[in-house]
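Down below is the structure, laid out as structure tokens.
Quick note: the coordinates plus some simple rules give every number you see, no bench work behind them. Computed from a predicted structure; not experimentally measured. FYI the Cβ positions are ideal-geometry reconstructions off the backbone, even for glycines, and counts take in every protein chain you see.
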Amino acid sequence: MCFGCSPANPIGLKLKFKMDGDICRTEFEAGEEHQGWNGYMHGGLIAALLDETMAWWLWLKDISIMTVEMNTRYSIGVPIKTRLVVESWCEEVKRDRLYLMAGRIILPGGKTAVKATAKFMKIDPAQI
Ligand SMILES: CCCCCCCC(=O)SCCNC(=O)CCNC(=O)[C@H](O)C(C)(C)COP(=O)(O)OP(=O)(O)OC[C@H]1O[C@@H](n2cnc3c(N)ncnc32)[C@H](O)[C@@H]1OP(=O)(O)O
């Protein structure tokens, strides 16, 4: 019952993903329950949005992975009750096992509010 994508998780984000060329994309609108500071989305949940979107780029290609490292740069506060677009893509694959991924959150109007980079490690699907 994944916090990011399961439709059955009552407190989950219920994200749905689509590939558009080499970009994986989802949309999300944060509610009051997702706030940190008043009116703005919690930074940890923003990181979860990006982690999940980068993971799904791989998952949609049938690659089983786990996040092993992630860096998040918060440039603009992410307002709640606002339609967000989240995108991810692959920048490099090392030794056929380590995937260097990147992602961003785009506000209405096109500005990038948050950028992330992360490393994902391919694992044996039997491990999860
Ligand atoms: C549908 C999609 C839903 C996805 C949900 C969202 C994704 C997530 O949030 S996953 C949850 C968070 N992540 C985790 O809990 C991961 C926890 N970590 C692990 O379980 C293990 O470290 C695991 C299985 C990934 C790798 O373990 P293991 O196979 O033993 O790796 P290990 O032997 O330590 O390292 C393998 C190689 O990778 C390298 N490596 C390990 N970590 C890193 C790193 N962070 N950066 C670069 N290289 C690394 C090692 O140096 C090693 O290199 P070499 O082969 O040359 O010696």
- prompt: Among Trp37, Trp59, Trp89, whose mean-square fluctuation peaks in a Gaussian network model of the chain (Cα, cutoff 10 Å)?
  reply: Trp37
task: Report the calculated FRET efficiency for Lys122 and Met1 (r = Cβ-Cβ distance, R0 = 22 Å), to the nearest 0.05.
output: 0.40
query: Tell me, Met54, Met19 in order of fewest to most beta-carbon neighbours within 10 Å?
result: Met19, Met54
- line: Within the range 23-128, DSSP-loop trypsin sites (Lys or Arg not before Pro) with at most 16 other C-beta atoms within 10 Å are Lys61, Lys81, Arg95, Arg97, Lys111
statement: Here the relative contact order (percent) of the chain, from C-alpha pairs under 8 Å and at least 6 apart, is 24 percent
Separation of alpha-carbon centers, the range 1-40 and the range 81-98, rounded to whole Å: 15 Å
- prompt: From the phi of every residue in the range 48-57, what ³J(HN,Hα) in whole Hz does the Karplus formula 6.51 cos²θ - 1.76 cosθ + 1.60 yield, where θ is phi - 60° and glycine or proline is x?
  reply: 5, 4, 6, 4, 5, 5, 5, 4, 5, 4
